[in-house]
Amino acid sequence: MRYLCYFAFLLMLTSCAGTSRNPRITHDELVMITTRLASDEFAGRGTGTSGDSLAALYIRKEFRKAKLAPHEGDGLQKFRVTVSAQMGEANKLTINSTEYIAGTDFVPLAISSNGTLNAEVAFSGYGFMVANDSMQWNDYKDLDVKGKWVMVLRGYPESNPAASAYGQFSTDRMKVLTARENGAAGVLLVSGEAWDPADNLEKPSRGESTAGIPVLQVKRSIADSLLKPSGKTLAEIETVALKELRPLSFITSSTANGEAEMIAREASTANVVMYLEGKTLPEEYIIVGAHYDHLGMGGPGSGSRAVDTVAVHYGADDNASGVALMVELAEKLAYSRDGYARSILFVAFSGEEMGLLGSKYFVENMGIKPSDVNLMVNLDMVGRLKEGNGVQVGGVGTALGLRDSVIAITDTTMLSLSFTEEGYGPSDHSSFYGKNIPVLVFTTGAHLDYHTPADTPDKLNYAGMVRIGELLTEIVSNAANDTERLAFQEAGPAGPSQSMGRRRGVTLGLMPDFAGNVKNGLRADFVTPGKPAAMGGMVKGDVIVAIEDKPVNNIEDYMFRLSQLKPGQTITVEVIRDEKRELLLIQL
């Protein structure tokens, strides 16, 4: 009810305001823009949805009101994304002349590649192959699975406290890749009763990188049919595994004839790209960006923290707040009497919630040399200024003197800034940092409403947004007019690649291309000095295609390969550099 009343206030405000706009950054216009973006009309702005398209058109309209011109074409930089995966019509499974029904008895998983397989079935327990100081469990020891289906229990022996460490090896993807690594031609995943009493079949939502072999999830009744020649049942095997925590692998003497077909659905989306032309240095740029996409209606695979709720995820703070402040900033700068030396480019990114897809696409297709960009400023969740007026500013170490210049123009009676040096982080500025562009990212931080339907406009601190906007005006103006260019320097990263690596016990010390811009390989977007990859000769831009002579086609393959390595080990890494293959020797 509070949100409905707030929306009614917006309608009254809009009707009173007419088409006139105040060139200053104002409370009322921030309310108007944020509330429109975070409304039922745009249905959570899920990438590739109609709400996403409507939001892009609305943002372009607001930029036009602010007297901005399209950077290219009509101001919409269109690209395509994979938004979902669904079963095709060719999915089949036959065992002992019994035909099973796709969607009822079994389903292909999103990780599955399309293909057919008529082969013997091996059972490999939990599908673990772990060997380190504290854990020894190899379900593939003395088990020949080459060319076969491998049936694997999902999850791990969760009810046994002694098995807790195996949780990190229990994802479906890791089990599938382990089976493939041992020569399996297909995988059948099944949930034991202790793991899922309801025996639910997964419903693929978003598309994933495929594993190169067919992957089906089957009901326990199918598993028991396959196990029948052995005289065992899945329940009996699971009971022993839970108690004894040991491999229980064997050839079932059954044959399965199956086919998997997953259809990836693509959709069109767009970055909104508008600009103010510079007066004396129009070929040099300042870029201000904010992502406008959010989680749509939520649901499985969306990233929602309200996992069981399908409802509009309004995304008022994340990131209607950043877009609204960017529009207001653009309007204020556009009305400057003297203009600016450098051109100022404003970009509303799509696809951020799916892995920085919009900003990754933009930096590869922006029509501007990265060396011509003096600074990129990113706004992500700037609407929840709290008591104490704290604003987090990241990236201050990415250019010489950048931190000092921000401090020098900050009114500390209005805002209290905290700084981080790193240029990498979980938002769109990372894409620019990977191109050696100095970056700043502003945020007021996370909160309990983050990635839930409760992130609504009535909870934002619009007066705080005005204060942040005033500081941004000074920062962007100075960067656009200063005759001296910012000098880029590396700072970081401190990001997911390292934390993931620590969890597995190994890190190369690089920031991988999470968006997957390179096919059949994984590009290193940043290589940390002094870390194993750098010490072994890897440089930024190298495309990793193999580790220890085993292929790396995507980020999932890369993380899987790391999970098989040990600290102190010396490995070979094959990379493509300047269209040539090179072999690096790296000590972990």
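Here are a few things to note about the model shown:
- Hits in the stretch 411-461 - residues which are among the β-branched types (Val, Ile, Thr), in a loop (DSSP other than H, G, I, E, B) and under 20 Å from the mean Cα position of the chain (by Cα): 452
- Residue 274 in contact with a helix residue (DSSP H, G or I) (Cβ under 9 Å, 6 or more places away or on another chain), of a type in the set (A, V, I, L, M) and crowded, with 19+ Cβ neighbours inside 10 Å: yes
- Of 223, 211, all but one fail to be under 29 Å from the mean Cα position of the chain (by Cα) and either crowded, with 21+ Cβ neighbours inside 10 Å or among the β-branched types (Val, Ile, Thr) (or both); the exception is 211.
- Whichever residue in the stretch 326-351 is closer than 13 Å to residue 476 by Cα and of a type in the set (A, V, I, L, M) and, among such residues, is surrounded by the fewest Cβ atoms within 10 Å (Cβ to Cβ): 341
- Matching entry among 152, 130, 121, 145 (being farther than 30 Å from residue 37 by Cβ, in a loop (DSSP other than H, G, I, E, B), among the hydrophobic types (A, V, I, L, M, F, W, C) and touching a helix residue (DSSP H, G or I) at 6+ places or on another chain (Cβ under 9 Å)): 145
- Qualifying residue in the stretch 58-68 (condition: surrounded by fewer than 19 Cβ atoms within 10 Å (Cβ to Cβ), closer than 30 Å to residue 23 by Cα, out of contact with any Lys or Arg (no Cβ under 8 Å at 6 or more places or on another chain) and of a type in the set (A, V, I, L, M, F, W, C)): no
- Selected residue (criterion: modelled with the highest pLDDT) from residues of the stretch 188-232 that are more than 22 Å from residue 95 (Cβ to Cβ) and of a type in the set (S, T, N, Q): 210
- When residues of the stretch 540-562 are limited to those that are touching a strand residue (DSSP E or B) at 6+ places or on another chain (Cβ under 6 Å) and in a loop (DSSP other than H, G, I, E, B), the one surrounded by the most Cβ atoms within 10 Å (Cβ to Cβ): 552
- Residues satisfying the criterion are absent from the stretch 169-179 (criterion: loosely packed, with under 15 Cβ neighbours inside 10 Å and either touching a strand residue (DSSP E or B) at 6+ places or on another chain (Cβ under 7 Å) or not in a strand (DSSP E or B) (or both)).
- Scanning the stretch 310-325 for residues being outside any helix (DSSP H, G or I) and either modelled with pLDDT of 95 or more or buried (at least 24 other Cβ atoms within 10 Å of the Cβ) (or both) gives a total of 5.
The values are calculated or read from the model by the stated rules, or taken from the named source; none is laboratory data. Please read all numbers here as calculations on a predicted model, not as lab measurements. Quick reminder, even Gly has a Cβ in these numbers, built from the backbone with ideal geometry, and neighbours come from all protein chains shown.
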